[in-house]
Amino acid sequence: MRLVVVTVNYCCADAILERLEESARQIAACDGEWWIVDNHSPDNSAERISRALARYDNVHLMRAEENGGFGFGNNQVIHRVVLGQINADYLYFLNPDASPLPGSIEQMTAYLDEHPEVGIVGSGLLDDKGNHTDSMFRFPSFWSEVESSLVLGPVSRLLSRHRQSLGALDRPGPVDWVAGTSFMVRAEVFRAVGGFDEEFFLYWEEVELCHRVKKAGFAVHALPSAKVAHVGGVSTGMHRPERRIPSYWHRSRNLYFRKTRSGGPLLLLNLVTSACILARRAKDLVRGRPAEHPHFLRDHLKHAFQPRRR
């Protein structure tokens, strides 16, 4: 078994350097190597990381010539693996703000060793207080979008089997998709289905990848006993409650449903979810509650009905 770990950096040198020594040690214990792909960071991230890597034999820096997004950055390594330029049996994708707990990487590689039918395995995630955070999911659908847009008790209970999050699973097993923060993939999967779809700049790309992988006949499993601490949103700022959800999230959502057709006709889906978001906003106003994301409805409407970008 040959393990290659891939981390995409965009102005996250502090997060990477903070975790460098411990993560490099764990990767070395698995006889693996770590490729950090700098997505053309406009700050001095690449230089700082390059200097720090001088004392590590198993950690390498790859500099991309543009910031093509999360999938693009990962594909810089995936394509080299597929072409045989980098030797790997498994690829482990790890966010710069994520720290595997001791033994977690070994658990994931062992799981793939023991389950040849599994193409992707995802870890459990913990927040900065050690609490479980969502990392194992059902595929998005028309009804999951209705439930998450409306967030109304009786409707949520009625549609509970369509809700995306599977919560905190207590045993390993099949799921539809796993969070892109920390997951491991067989190299043969990429030889079969290709790498990440680079039309997705950021967000939803791991959902589409899992959809494609399952369609090709590979299983996707969650391994909750393999735990990874995750700060979240370091490169995007999405961890801040006041942060406006970026336009590329909305574009990626529409792109996912357009490509997979899993929500039915996109226009109908967006009409219904817009009505649900509006009803939720009205409910919050009546109850005197502030909107969690005050710009979300406006941004959703803007992206839901604009012509597709070419």
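The values are calculated or read from the model by the stated rules, or taken from the named source; none is laboratory data. Just so it is clear, the model here is predicted, and its values are computed rather than measured. Every residue, glycine among them, receives a Cβ derived from its backbone with ideal geometry; neighbour counts consider all protein chains shown.
Some points to look at:
- Residue in region 12-19 that is part of a helix (DSSP H, G or I), among the acidic types (Asp, Glu) and under 22 Å from the mean Cα position of the chain (by Cα) present: yes
- Residue match in region 32-54 (condition: farther than 30 Å from residue 248 by Cβ and of a type in the set (A, V, I, L, M)): yes
- Residue list for region 166-192, filter: acidic (Asp, Glu) and part of a helix (DSSP H, G or I): 188
- First in region 78-106 and under 17 Å from residue 37 (Cα atoms), second anywhere and aromatic (Phe, Trp, Tyr) and part of a loop (DSSP other than H, G, I, E, B), Cβ under 8 Å, 6 or more apart: 78/196
- Residue match in region 263-273 (condition: closer than 24 Å to residue 214 by Cα and hydroxyl-bearing (Ser, Thr, Tyr)): no
- Which numbered condition residue 147 misses (of (1) outside the structural domain of residue 207 (by TED's automatic domain parsing); (2) part of a loop (DSSP other than H, G, I, E, B)): (2)
- Selected residue [out of contact with any Gly (no Cβ under 6 Å at 6 or more places or on another chain) and closer than 28 Å to residue 116 by Cβ] from 206, 188, 147: 188
- Among (1) out of contact with any Leu (no Cβ under 9 Å at 6 or more places or on another chain); (2) assigned to a loop (DSSP other than H, G, I, E, B) - the single one residue 195 does not satisfy: (1)
Quick grid of which residues meet (1) under 17 Å from residue 62 (Cβ atoms); (2) in contact with a strand residue (DSSP E or B) (Cβ under 7 Å, 6 or more places away or on another chain); (3) surrounded by fewer than 22 Cβ atoms within 10 Å (Cβ to Cβ); (4) touching a residue at least 40 places away in the same chain (Cβ under 8 Å):
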| residue | (1), (2), (3), (4) |
| --- | --- |
| 5 | yes, yes, no, yes |
| 12 | yes, no, no, yes |
| 20 | yes, no, yes, no |
| 28 | no, no, yes, no |
| 39 | yes, yes, no, no |
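- Residue 120 among the β-branched types (Val, Ile, Thr), touching a Gly at 6+ places or on another chain (Cβ under 8 Å) and modelled with pLDDT of 95 or more: no
- Only residues that are hydroxyl-bearing (Ser, Thr, Tyr) and in contact (Cβ under 8 Å) with a residue 60 or more places away in the chain were counted in region 128-174, giving 4.
- As for region 51-70, it holds no residue that is under 28 Å from residue 174 (Cα atoms), in contact (Cβ under 8 Å) with a residue 40 or more places away in the chain and part of a strand (DSSP E or B).
- Only residues that are over 16 Å from residue 88 (Cα atoms) and either more than 20 Å from the chain's Cα centre (by Cα) or in a loop (DSSP other than H, G, I, E, B) (or both) were counted in region 31-50, giving 12.
- Residue count, region 71-117 (criterion: assigned to a loop (DSSP other than H, G, I, E, B) and either closer than 19 Å to residue 24 by Cβ or touching a helix residue (DSSP H, G or I) at 6+ places or on another chain (Cβ under 9 Å) (or both)): 11
- The residue list 148, 123 contains one member that is buried (at least 17 other Cβ atoms within 10 Å of the Cβ) and farther than 28 Å from residue 284 by Cα, which is 123.
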